[in-house]
Amino acid sequence: MKTVNHWIGGKTVEGTSGNYGPVTDPATGAVTTQVALASLEEVDAAVAAAKDAYATWGTSSLAARTAVLFRYRALLDARRDDIAALITAEHGKVHSDALGEVARGLEIVELACGITTQLKGELSTQVSSRVDVSSIRQSLGVVAGITPFNFPAMVPMWMFPLAIACGNTFVLKPSEKDPSAANLLAELAAEAGLPDGVLNVLHGDKVAVDGLLNHPDVAAVSFVGSTPIARYIHTTASANGKRVQALGGAKNHMLVLPDADLDAAADAAVSAAYGSAGERCMAISAVVAVGAIGDELVARIKERAEKIKIGPGGDPTSEMGPLITAAHRDKVATYVTGAAAQGADVVLDGTGYTVEGFEDGHWIGLSLLDHVSTDSDAYKDEIFGPVLCVLRAETYEEGVALMNASPFGNGTAIFTRDGGAARRFQLEIEAGMVGVNVPIPVPVGYHSFGGWKDSLFGDHHIYGNDGVHFYTRGKVVTTRWPDPADAPAGVDLGFPRNH
């Protein structure tokens, strides 16, 4: 059986802990690979390699760093199909979704290629007599990233390209459920000329995570995952004096007003709820229909959802693949089977779905729940599967109040033709990312991604300007040089005069 090992100090390092985790092909249910799970000694080795590399990488020129990143971008572009194939094999998403994931990750690599303008400081001259003040940004040292299974290439690329462009070195702990893409990303970085130890990939479970959170040589931790784990990451790493950005879960709402283009809204709801099998933190999982349009909107969503072709990710005709594990599939199904008992109308029931010839795969069909109440489990919990809840509101104000009452505040959207309503919505809604007639408002690379409330722990969003600020720290330098034309005036221990 194939084994996925660590990538430490610029080379593959076999696991020594003796512990391995299974990697499954979600379309068949078969275990195809095992992944080495790191011990604390292996965590130490990865951090030590990054610390050694920082001694030279941290003082390298911006020109040298960006030259590597430009070559890296070219290699990623040339190998995007290979990266996507690994994602499909271990995560299960269809190839087109996997290619889209790689493309969004490449955006951040491109941003990192232009890091020179992002790292410029500021200078104020003559703030006092012959006194200048400048501000600069400097790297932190060794930083770590802990990433989820649902985007095994994109989310790591949201982190390490910016981190290393800023002069840091990086230890990546990807999900043990689909680890191979991370190794390929690191191998391509080495091929691009990234020095040994600048980017390390450490596979593991909670032992590895806690090892990084508690390691004295790790200066900062980036995380994307569920809210309970994000809270734990933030609490633990912060207690150890580390800088933390921890992005948590979501329950993203889409408000549909009576004047909306219902065909466009239905198309958006289907793509946003069921794309990537709903396994994404920016999925729309709750539609709030305002006024009398609810029945018609649900009918149009149902009509479109029934046409979605579910099948293996490697089949070019498939539009949705399986879920990551059988256990997750079974958990998602419980929300659908329990919905009716909690007052919902089950318009589409995707439980029990199988694909001919792939009966052991982690399959589930599309589910659509109408008249869902805000106290039902299907509404309150982040399901992370292809389940769409529809709620009803009589007015715009009632809909916004319902949405703002959610503990999550990741992304949201409004569908309307009314510019005034859209403007009110973007100001009044309590979420970090807002779409106007855009169902999944993931910002482009030069803006930052992040939510509010229980969807984010820490002060910095990820990538964009926030990402650069997270991976650097500011320093202000006040300078006074004597004018050579002046005669020596002795020692002055006082403050400079402001005139």
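Look through segment 336-358, keep the residues that are touching a residue at least 40 places away in the same chain (Cβ under 8 Å) and among the β-branched types (Val, Ile, Thr), and return whichever of them is surrounded by the most Cβ atoms within 10 Å (Cβ to Cβ).
Looking at the filtered set, the residue picked out is Val336.
Return the only residue of Ala277, Ala246 being out of contact with any helix residue (DSSP H, G or I) (no Cβ under 6 Å at 6 or more places or on another chain), over 19 Å from Val434 (Cα atoms) and in contact (Cβ under 8 Å) with a residue 40 or more places away in the chain.
Ala277
Of these, Ala393, Ala421, Ala405, Ala401, which one is more than 26 Å from Gly248 (Cα to Cα), at pLDDT 95 or above, among the hydrophobic types (A, V, I, L, M, F, W, C) and open to solvent by 10 Å² or more (accessible area, probe 1.4 Å)? Give the derivation first.
Details: Ala393 fails: open to solvent by 10 Å² or more (accessible area, probe 1.4 Å); Ala405 fails: more than 26 Å from Gly248 (Cα to Cα); Ala401 fails: more than 26 Å from Gly248 (Cα to Cα).
Step by step, each of Ala393, Ala421, Ala405, Ala401 is checked, and only Ala421 is more than 26 Å from Gly248 (Cα to Cα), at pLDDT 95 or above, among the hydrophobic types (A, V, I, L, M, F, W, C) and open to solvent by 10 Å² or more (accessible area, probe 1.4 Å).
Which condition breaks for Ile136 when tested against (1) farther than 25 Å from Thr59 by Cα; (2) part of a strand (DSSP E or B); (3) touching a residue at least 12 places away in the same chain (Cβ under 8 Å)?
That leaves (1) as the condition not met.
Across segment 402-432, what is the number of residues that are within 18 Å of Pro443 (Cβ to Cβ) and among the acidic types (Asp, Glu)?
The number of residues fulfilling the criteria is 1.
Tyr446 passes all but one of (1) modelled with pLDDT of 95 or more; (2) open to solvent by 30 Å² or more (accessible area, probe 1.4 Å); which number fails?
Condition (1) is where Tyr446 drops out.
Can you name the condition, by its number, that Ile83 falls short on among (1) in contact with a strand residue (DSSP E or B) (Cβ under 6 Å, 6 or more places away or on another chain); (2) of a type outside the set (S, T, N, Q); (3) not in a strand (DSSP E or B)?
Result: Ile83 passes all but (1).
What single numbered condition from (1) open to solvent by less than 10 Å² (accessible area, probe 1.4 Å); (2) more than 22 Å from Val442 (Cβ to Cβ); (3) of a type in the set (S, T, N, Q) fails to hold for Gln245?
(2)
Give me a count of the residues in segment 10-32 that are open to solvent by less than 20 Å² (accessible area, probe 1.4 Å) and within 26 Å of Asp196 (Cα to Cα).
1
The values are calculated or read from the model by the stated rules, or taken from the named source; none is laboratory data. Model, not experiment: these values are computed from the prediction. Glycine also receives a Cβ, built like all others from the backbone with ideal geometry; neighbour counts cover every protein chain displayed. Side chains are part of the model used for accessible areas, which takes the heavy atoms of the whole protein and leaves out ligands, DNA and RNA. Shrake-Rupley method; radii C 1.70, N 1.55, O 1.52, S 1.80 Å.
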